[in-house]
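Readers should treat all values here as calculations from the given coordinates under stated rules, not as data from a laboratory. The model shown is predicted, which means the values in this text are computed figures rather than measured ones. Here Cβ is always computed from backbone atoms with ideal geometry, including for glycine, and neighbour counts include all displayed protein chains.
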Amino acid sequence: MIFLLPFLFAQEPKYKEMKTGEVAPWDGRLLNEAAMRVLVEDNVTKDMVCQAKIEFELNKLRIEEKYRYDVLKVKTDAEIEKLNELITLQSEHIDELRPQNNIWPLIGGFIAGAGISVGIMYAVKPGLTQ
């Protein structure tokens, strides 16, 4: 309803072709072709300037947002890479700390111990038999 209020008070534009010396049939402004052209050109120019300003501001905002996005993406990617490297290092360290289930040192120790025992037995036996 409020939107229709301006239409209630609006007047229809009036125009009349006139020649020099004629009297205008109403109060108001009478424009010649050059003045009318200036008004129309000003109106069109204002619209074009307004559109250019809008486009400029929108592009400026797009560039700023793209820059912010790129900065955040680079920071995030760097953090992710850093954390992945840290996880890899921790996994390697955990693997080093796990007990090794190698049987070869046990077998080698047994054989060395048995060999030393046999060697000692042969070394001591000649002294015991005398």
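In nm, to one decimal, how far is the Lys60 label point from the Glu79 one, both placed 7 Å along Cα→Cβ?
It works out to 3.0 nm between the two label points.
Just name one of Asn84, Val49, Pro99: the one whose Cα is farthest towards the positive end of the charge dipole of region 30-99 (beta-carbon charges, Lys/Arg +1, Asp/Glu -1).
Of the candidates, Val49 comes out farthest on the positive side.
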